[in-house]
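To keep things clear, I will list the structure first and then write my remarks on it.
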Ligand code: NDP
């Protein structure tokens, strides 16, 4: 079994030396446990936060500990009555090639509906995030204008598509003309803003003439400030993430235009997908139905080679992933 463990807490972007690659014998499953061959590892922006010490919504990964990660793979041995050899499963098994886990911590997945990597994206945690963040926290209604940042990514692409299904007008923000074309031409967004080559404030004004009803923020920083400045009356800002700030070494960018919340009787609310665990079934069913009816599309960016984990993670912060970033073991 090979594992990536946290060797040091990073300053800024994680470096190779912040990781330790360890090899050990594959363990035998005990009572009610299964042995899983991990085939796909989910690379998530949140991993950067888990590497930091201090209070958060989840406990930090400790130095010397296996790095936390969502994964999907195949059962090699089972001592649990719900699982048989060959079953496809997902779960938070960490950045390792083999995992011995309690059966209760694994979820059987149906690879007739979608390939295994989709269970780390559209049918996994990012899918749940888009669903609950947009519908529960954002409370989007028909005819409203929704703007989403990191729009071509795992969460953003789904937020925009679900908003379209709910009858909203949708504007995506992404970091290249290729990503912008993808969200409009392939995913059916109404407009897209290339934040690296356009004036985001002006473009928001142009594409959202009645203001932004729901801003689903994955990015934070200046883009959040521009959205605040373009908010509609009773607007909602959903704080899903702030990837532009995760590697900040000198304090995060604080939005200046927050008085817009007062002027527009608006609100800004953060959320953590894990709080919706008891309702995952509802989202999983809705997403699976939309998927099988051809109403939503998904895209995975799959990088091969377990040993490439440290470099591959950085793609998220460079914007060089295009779709849900997954490492194939
Ligand atoms: P993505 O697939 O969207 O990948 C990250 C993308 O962020 C990059 O491709 C890049 O796209 C964009 N990005 C990176 N750096 C910057 C920057 N400095 N400025 C603007 N954009 C940048 O990742 P996910 O869909 O997995 O995650 C999206 C967000 O959702 C993250 O903030 C994540 O932390 C958050 N999240 C929150 C959850 C919750 O429970 N609250 C759960 C899951 C995710 P581009 O090329 O367009 O710049």
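All of the numbers you see were taken from the coordinates with simple rules; none came from a lab. Not measured: the values here are computed from a predicted model. FYI the Cβ positions are ideal-geometry reconstructions off the backbone, even for glycines, and counts take in every protein chain you see.
A few points about this structure:
- Whether the stretch 125-274 is rounded, prolate or oblate, judged on the alpha carbon gyration tensor where a/c under 1.5 counts as rounded: rounded
- Cα-based shape type of the stretch 146-227, given that a ≥ b ≥ c are square roots of the gyration tensor eigenvalues and the cut on a/c is 1.5: rounded
- Efficiency of FRET between residue 234 and residue 304 - r from beta-carbon atoms, R0 56 angstrom, step 0.05: 0.75
- Helix 309-318 axis, angle to the chain major axis (alpha carbon atoms, nearest 10°): 0 degrees
- The simple Förster model, with R0 at 56 Å and r as the Cβ-Cβ distance, assigns residue 142 and residue 15 a FRET efficiency of 0.75.
- Between 0 and 90°, nearest 10: helix 154-165 axis offset from the chain longest Cα axis: 50 degrees
- Segments 185-196, 290-301, 51-62 sorted - mean Cβ within 10 Å per residue, highest first: 185-196, 290-301, 51-62
- Euclidean distance between Cα centres, the stretch 277-303 to the stretch 1-69, Å: 26 Å
- Between the stretch 217-257 and the stretch 85-112, the alpha-carbon center distance in angstrom: 35 Å
- Largest GNM mean-square fluctuation across 26, 238, 303, computed for the chain with C-alpha springs under 10 Å, falls on 26.
- Packing rank of 141-152, 102-113, where each peptide gets the mean count of other beta carbons within 10 Å, highest leading: 141-152, 102-113
- Computed [θ] at 222 nm, helices only, for the chain once each DSSP H run of length n ≥ 4 contributes -39500 (n - 2.57): -6000 deg cm²/dmol
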